[in-house]
Amino acid sequence: VFFFFNDTAPTEIYTRSLVGSVRCVQETGVHGDFNRMDKKGENRIWLVRHAHSLFNMWDDWYEDRLKDSDLTEEELKFAQSIVDKFDSKLVDPILSTIGVKQCLLAQPTINKLSIRYVLVSPIQRTLETARLLFDTHPQKANIKFVVLPIIREIMANPDDIPLFTLKKFKDKYSKLEDMPFSFDEVESARNPVLYFLETFDEETRDLITAGVGKDGEDNYPETMLTIMREKWSKFPIHRKKIESFENGRKRCHEFAQWVANTFMKEKEVTGEQIMVVSHSVYLSHLIAQEFNDYGKAVCPRIKNAAPFLFDLNTVVPFKAQLPSLLY
């Protein structure tokens, strides 16, 4: 047996980072270092949050967490040009110079891992992170890079909106000679252009479809921004996003099932040969054992470009308990 699920998740889960470890405790919410891992590693997969992006850079700069000297002149001008949080220039941004450096620093450790599958969210910052992290990997020609919409970020900010349609993404990333990305999982969607729509709840899907039309090829980023602005102006803080935390948790559970169904048949593949390149909020909801009254994960902040191991058996089974919070 490769992956399986427990109906009752343990009180504690343990994740170990290459640069440190964290513990999430369900009853107390206390976070601390802990290094205990199961020895076989059959059910543990590698998770990594994308490297630092231009949205992170702007947010850090805006909140005065960065000094001007941390930015290139071009990045400083970019940060100063942003009108507000919903500026269209923040849609699906690329990595910052800080993010590129994070990937380069992580390469020596990544090169020591026996990875066979890299599962990547269909957003520029995750695709670029995967490309850079594995750029010098000695076995990268034998690694399969799979773009997987279900592991995209829980949509709340402009940087969570895919800028490119499927065709443009494929043109950029599926033709890399030494690292071609597979878009088969995207193309299998009922609407390959707006492939991410299938990962929303029905109400939100209808709302977006009504705004962008059937193909939505040109106007969907601006339509999504309009919906976001309306959420922030009309709803209380826990509902200021296009996607509910509940739907994000549902996707996390579906992803764990997808991994089980996809890789159980290949018994020669162990969990530690799989790496997921995703996002902070999504990964938090995947690994957390405790959630607040609004369904948001109670978990430590996940560092950029710092892979850690996670046991899929500890994913909390999804139960639709918050229908009133569907957005």
**Study point:** Sparse-neighbour loop sites [GluC sites (Glu not before Pro); region 116-217; at most 12 other C-beta within 10 Å; DSSP]
**Key:** E177
Check your understanding: Of the heavy-atom accessible surface of region 95-192 (probe 1.4 angstrom), what whole percent is carbon and sulfur?
Key -> 53 percent
Practice item. Using every Cα-Cα pair within region 144-236, state what percent have a distance larger than 23 Å. Key: 25 percent
Review point. According to the Cα gyration tensor, what semi-axes, each the square root of 5 times an eigenvalue, does the equivalent ellipsoid of region 83-200 have, listed from largest to smallest in whole Å?
Key: 24, 19, 11
Check your understanding: In the full protein assembly as shown, how much of D171 is accessible to a 1.4 Å probe, in Å² to the nearest 10?
Key -> 70 Å²
Practice item. Please name whichever of Q107, L90, A79 sits farthest to the positive end of the charge dipole of region 46-131, dipole taken about the Cα centre and charges placed at Cβ: Lys and Arg +1, Asp and Glu -1. Key: Q107
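So for region 131-179, what are the equivalent ellipsoid semi-axes in whole Å, largest first, each being the square root of 5 times an eigenvalue of the Cα gyration tensor?
Working: eigenvalues 116, 38, 18 Å².
The equivalent ellipsoid of region 131-179 has semi-axes of 24, 14, 10 Å.
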Check your understanding: Between region 79-130 and region 145-169, what is the C-alpha centre distance in whole Å?
Key -> 12 Å
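Just to confirm the filter: which trypsin sites (Lys or Arg not before Pro) across region 127-216 are DSSP coil and have at most 16 other Cβ within 10 angstrom of their Cβ?
On the way: sites: R131, K140, K144, R152, K167, K168, K170, K172, K175, R190, R205, K214; in loops: R152, K175, R190, K214.
Filter output for region 127-216: K175, R190, K214.
The values are calculated or read from the model by the stated rules, or taken from the named source; none is laboratory data. Bear in mind the structure is a predicted one, so any value in this text is a computation, not a measurement. In this analysis, Cβ positions are derived from the backbone assuming ideal geometry, glycine residues included, and neighbour counts consider all displayed protein chains. SASA here: full protein model, heavy atoms, side chains in, ligands and nucleic acids out. Shrake-Rupley method; radii C 1.70, N 1.55, O 1.52, S 1.80 Å.
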